[in-house]
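The values are calculated or read from the model by the stated rules, or taken from the named source; none is laboratory data. From a predicted model like this one, the values you see are computed outputs, not experimental measurements. Here Cβ is always computed from backbone atoms with ideal geometry, including for glycine, and neighbour counts include all displayed protein chains.
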Amino acid sequence: MREFERIRTAIIRGGTSKGVYLLASDLPKDPAVRDKVILSIFGSPDPRQINGLGGADPLTSKVAIIAPSRREDADVDYTFGYVGIEKAVVDYDGNCGNISQGVGPFAVDEGLVPVTEPITTVRIFNTNTQKIIEASVPVRDGKAITEGDFVVNGVPASGAKILLNFVNSGGSKTGKLLPTGNVVDTMELADGRSVRVSLVDAANPAVFVQAADIGFTGRELPKDTTTNPQILALMEEIRVKAAVRMRRVSDPEKASPAVPKVAFVAPPQDYETSTGKRIAAAECDLLARTKALAVMHKAYAVTGGICVGAAALIEGTVVNETVGPRAKTTGVVRVGHPSGVSDFVITVSKKPSGEFELIQSGVAGTSRRIMDGYVYVPRKIFFPGEG
């Protein structure tokens, strides 16, 4: 009897993240067994993930599970999972926009969709949010193109531009663009302070607070969290309290480590990236810093960018109060983050009822297939009932 089962695997960089892409048909149907197989693939739990494909970083410990879709409005179904590094858990509570950028090219290269040159539109049903994402993928000779001149800040090489349109992305997890019905809520912190926050659900739910209200500048970088751990502690406190406010959980101890997102924002200003590059205030419309699980995000999540962009254009939110006037007239929100600036195309309208509606949410990115082949999983994990 074989000791191992071989599973077809592709490692793909999507945006500023990297993930393991798997076909659902190659995985066990039992969700509990499937997750144990995924943990084995990544080498989790282990802070180094030395015995698997994980990169020991929240931005590289991600899985995409792909299958042909039975829906009339979609070509493929896509399930995203954050794979625990030190914990034996796969979190499916939200989507990842960066990993989403690799789904269209994967579907093209695996022959899951009919190919049209020069652009193939792949309709992706994201099972995490129950939403459709349209990916416009450049193709040549039946395969996705990788090389190009489009640059994503946080990625050390240019690539072919992939356009993502998050269709009807408002209320992705809570059913409402404004989960509490308010543009601003007040939150009491453990240290006695009362801060103004905005809870918004677009592509992924998130809570936003102005940097100045919690003692920050908005220019903070991931390295600063080492000398000032209070940055992450405060962000996590706000995030967990927002999860309760959004009715994602009733017990704060049971809040997903991935959703909702949290970010603090500041007006456009000069700042330096993690690599020392100088960004002028005129190059961005706001500064934002968010978390990737337990650490500050080295760039900015795509779904998080959709959400902060939507919040920027919803009149009265703490982000709307912060964003520069250019974004309000152009609908393009330029978010300054630790790796540079990312653009998000957003259209928000106000209904006669006074409710806000997210009409358009788009972003451009790149993707590159790094390798493919087989990953080996112990047979006793794949077939726990044997012998």
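Summary of values
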| read-out | value |
| --- | --- |
| Some residue of the stretch 32-42 being part of a strand (DSSP E or B) and crowded, with 16+ Cβ neighbours inside 10 Å | no |
| Pair list, Cβ under 6 Å, 6 or more apart: the stretch 38-67 residue more than 21 Å from Pro105 (Cα to Cα), other residue among the basic types (Lys, Arg) and not in a strand (DSSP E or B) | Pro45/Lys87; Ala56/Arg48 |
| Checklist (1) at pLDDT below 95; (2) among the small types (Gly, Ala, Ser); (3) more than 15 Å from Phe344 (Cβ to Cβ) applied to Ala301, failing item | (3) |
| Gly304 in the same structural domain as Ala280 (by TED's automatic domain parsing), closer than 22 Å to Lys62 by Cβ and in contact (Cβ under 8 Å) with a residue 24 or more places away in the chain | yes |
| Contacts under 9 angstrom Cβ, first residue in the stretch 340-362 being under 13 Å from Asp285 (Cα atoms) and in contact (Cβ under 8 Å) with a residue 60 or more places away in the chain, partner among the basic types (Lys, Arg) and crowded, with 18+ Cβ neighbours inside 10 Å, 6 or more apart | Val341/Arg334; Ser342/Arg334 |
| Considering residues of the stretch 174-211 that are under 21 Å from the mean Cα position of the chain (by Cα) and free of Cβ contacts under 8 Å to residues at least 40 places away in the same chain only, the residue surrounded by the fewest Cβ atoms within 10 Å (Cβ to Cβ) | Gly175 |
| Candidate set from the stretch 148-175 (those that are among the charged types (D, E, K, R) and at pLDDT 95 or above); member that is nearest to Thr129 (Cα to Cα) | Lys161 |
| Unique match (being assigned by TED's automatic domain parsing to the domain that holds Arg8 and within 17 Å of the chain's Cα centre (by Cα)) among Pro105, Pro118, Pro58, Pro45 | Pro58 |
| Residues satisfying the stated conditions in the stretch 179-203, i.e. of a type in the set (D, E, K, R) and out of contact with any Lys or Arg (no Cβ under 9 Å at 6 or more places or on another chain) | Asp191, Arg193, Arg196 |
| Count - residues of the stretch 177-200 that are touching a Pro at 6+ places or on another chain (Cβ under 9 Å) and in the same structural domain as Ile306 (by TED's automatic domain parsing) | 2 |
| Test set (1) modelled with pLDDT under 95; (2) buried (at least 19 other Cβ atoms within 10 Å of the Cβ) - Met1 fails condition number | (2) |
